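The values are calculated or read from the model by the stated rules, or taken from the named source; none is laboratory data. What you see is a predicted model, and the numbers here were worked out from it, not measured in a lab. Cβ placement follows ideal geometry from the backbone for every residue including glycine, while neighbour counts extend to all protein chains displayed. SASA here: full protein model, heavy atoms, side chains in, ligands and nucleic acids out. Shrake-Rupley method; radii C 1.70, N 1.55, O 1.52, S 1.80 Å.
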Amino acid sequence: MSLAGAHRETILKRIQRWFWNPVIVCLIVIFWYESFPAVAGDLKIGIVNTEKILRDSLPAVQAHKKIEQEFMPRDEDIKKMARQAKALQDKLEKDGGAMDEAERRYLERNLANLSREFQRAQRQMKEDLNVRQNEEYGVILERTNRAIKNIAETEKYDLILQLQDSVYRSHRIDITDRVIQALDSE
């Protein structure tokens, strides 16, 4: 469903804002470690691509399908309204000149009412979809944070950053696939 893809970007931007403050603290820690070379050699850093996790992990795919199924009937109703409005518009354009004034005005009012109802339904569906996606992705993010913490503790990481906040990184420090595997195996 294309509507879900558009809202996913909005949600991902909100998620990036959540991580912003810890990133600043982490960068300060990195710069502090770099000023002491003996300590910096022992620093183990990892990078996680949150967008990839929210796109490719099994919980994310399941959530996307679940939301798509929930909103499919409403999406079909909205598409039906659009087809009805198009049919009314076409009828007015084709037969409007031959209709009497009362009939034409009646069809124009119906078209205006249908257009308002269509826009209201579309707006309400977008809002509801956004709320549902936030709920589902919030649960996935909690699970992701637990998986990251578990990996960090098990593999003795000192710092794990979000990929979007890094200017440069080596692919060898990307632990996203391990996080996805951990989420998929839950």
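List of remarks:
- In a reduced charge model with +1 at each Lys and Arg Cβ and -1 at each Asp and Glu Cβ, segment 124-186 shows a dipole moment near 200 debye about its Cα centre.
- Partners for residue 80 among aspartates and glutamates (Cα-Cα distance below 13 Å; same-chain residues under 8 apart left out): 117
- Rounded percent of accessible protein surface that carbon and sulfur make up, segment 59-186, 1.4 Å probe: 49 percent
- Here r is the Cβ-Cβ distance between residue 177 and residue 122 and R0 is 41 Å; the resulting FRET efficiency, rounded to 0.05, is 0.60.
- Between residue 109 and residue 58, the FRET efficiency estimated from the beta carbon spacing at R0 = 35 angstrom works out to 0.10.
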